[in-house]
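Novice: Shown below is the structure under consideration.
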Ligand code: SF4
Ligand code: SF4
């Protein structure tokens, strides 16, 4: 194992993860105001409706696929009776569909950004880097899923890439597992760490704000200006709960 | 029963001269900055007209506000929570910038740098979004004083049921101004639509605000508000809305639009209301009954039981007194001459309007006894230039009777005062016909015609001693600014991702 391999498959991931975590904490504390989806729907909504929905739903499916493929050990799926060939077919077909949908969405969104003179100017330099990285990552991912696994020689990444990825988080890194993987997989993984490192400083932070807790929340929210109750008076905080009635469902 | 206080506004439309001073001063104070160029927290529309944004009143397409579902339960018109989350990547009901107008500025530099020539140089319009030259086809206030009405006015959603009668010919044309701000609703659908929980109603005064730190730019408030009074700042990607000038209101001062209103049409005050009954009132089945349902929510501030409950609910003494003097309560409930804008949206709005009287359209036929008393307003109510049904579509969910009753009261008030001032007689019969005593008419006259500043604006001062956090928010005003370094070549280009500043203690 060369030191180059250690740097790429062990040091780089840890640096990226550190930047990812510390960066998010820093951004959240320093820049809640800048923490938004940076939506440009106000400027254009017809093309966005196609591009954004395809891209986001495709990406959600692709992320789900990564979780199944990388985070869940092969032994677990085998234990519940899913054979490698069954898994392989599922991941190749479902992955190809998800990847294609994401890719088409991304192309539509990029086209919109380039062609619409109202949207172009809203693009920041960080945006440019994020879009470039995403485009390359998705193209690489598609070549792996479609080029290698669906139509090509196939490659079982679960005992290598999957184990390498999990071992990083178990603080027991095995860079050699990755060093022997095909170049496509190496490049995809290598570039992904840059995306993770860039994440907290980009518009991607909006991913963590998906407001799932909206479901089940009372509709009307009240807030009090007075945080501290005055001396000798009944506590306003107590009698005015933060979110109170009327409860409408 | 739980009593809360709520600020409200009444605008007497008779007195609006359409000068737009309110809009301009509001803009200077609140939205005169990048990303908010197109945003008018206060705008003055000429009615009939399609308004700002275009056809905002058309809830069939916009899906703003609430509606009753099959089981008569109150639901957001745009769909429930789950279906909203599914549409989070692209909100189908969002208006786009062209529905408002594409903001622009002028190329003033040409005026000073143009070479000497026979004709004076012209500053052309340039889009604030693209920097490109703009051929102006639509803008704020484009319909001022019925401009373009022959082609557009029939597109006004309030014209429903009037298309046959009103042809917008010159002889038939009618108009009045409708100044609009956020309604600071008692049952705000914007708050209910915000999935991030960034929007809220203040417990102390009912002002509806957007927490700029918590807003994530999901845009559902913009489409959820039936009055289209939440806006999306295209630079900061955050929602912004009328703040009811809360830093001023907390100090007992009127909002900027009220303070600077040339026609003195605006009244500010608080009402005490029973928050536990909100849902029930907003769920009233018959839309024309929503007015009464909302009026029932307003508690009589002189009722000892109400005062006792208000005290128990931590409403300070001086606020109860302010509620007793409130011109909003007087105009809306005591004299019933103010009406809510589009009550059928079910948000229980809190900016109400005194409908305008208008010139009599036809020659009044002599009455049976042969008299043609110009003061006999009751006779003329049906022949006013502004169709009753138009006002009804705007202010009473289509119920003509409600409008007639208010106009009759206003007409009786005019006749009463004219008689008093011209002949010195007090005609008690006029008030009696509209269910008001002469003392009431006199009070209404004082209020609507000649009320001084401190009678029009009755706002209790916020109890700062109750909050030690207030000092910390000094200098902030609910709307934050993104630090944008503007590039010379492209004024819209963001040079840097904003980080570092805007830190609140
Ligand atoms: S009028 Fe104001 S309070 Fe009412 S729904 Fe619209 S933004 Fe919310
Ligand atoms: S300042 Fe007053 S009179 Fe002038 S347009 Fe505004 S509301 Fe009407």
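What follows draws every value from the coordinates through simple rules; no lab data is involved. Everything numeric here is computed off the predicted structure, so don't read it as measured data. All Cβ positions, glycine included, derive from the backbone under ideal geometry; neighbour counts span all protein chains shown.
Novice: Could you please give the count of residues in the stretch B:250-277 that are within 16 Å of ligand 2 (Cβ to nearest atom) and at positive phi? Outline the logic, then answer.
Specialist: Taking the stretch B:250-277 as the starting set, the residues that turn out to be within 16 Å of ligand 2 (Cβ to nearest atom) are B:254-268.
Now drop any that are not at positive phi, which leaves B:264.
Final tally of qualifying residues: 1.
Novice: While we're on this one: What tally of residues in the stretch B:60-99 results from selecting those that are away from ligand 1 (no atom under 15 Å from the Cβ) and facing another protein chain (nearest Cβ under 8 Å)?
Specialist: Number of matching residues: 12.
Novice: Return only the number of the condition from (1) outside any helix (DSSP H, G or I); (2) out of contact with any strand residue (DSSP E or B) (no Cβ under 7 Å at 6 or more places or on another chain) that residue B:154 does not satisfy.
Specialist: Residue B:154 satisfies all of (1) outside any helix (DSSP H, G or I); (2) out of contact with any strand residue (DSSP E or B) (no Cβ under 7 Å at 6 or more places or on another chain) except (1).
Novice: Another question about this same structure. How many of the residues in the stretch B:1-32 are more than 14 Å from every other protein chain (Cβ to nearest Cβ), surrounded by fewer than 17 Cβ atoms within 10 Å (Cβ to Cβ), more than 12 Å from ligand 2 (Cβ to nearest atom) and not in a helix (DSSP H, G or I)?
Specialist: Residues in the stretch B:1-32 being more than 14 Å from every other protein chain (Cβ to nearest Cβ), surrounded by fewer than 17 Cβ atoms within 10 Å (Cβ to Cβ), more than 12 Å from ligand 2 (Cβ to nearest atom) and not in a helix (DSSP H, G or I): 1 in total.
Novice: Go through (1) in contact (Cβ under 8 Å) with a residue 24 or more places away in the chain; (2) buried (at least 22 other Cβ atoms within 10 Å of the Cβ) for residue B:145 and report which single condition fails.
Specialist: (2)
Novice: Now a separate question. Within the stretch B:199-214, which residues are at the interface with chain A (Cβ under 9 Å from one of its Cβ atoms), within 13 Å of ligand 1 (Cβ to nearest atom) and closer than 22 Å to residue B:97 by Cβ?
Specialist: Matches in the stretch B:199-214: B:199 only.
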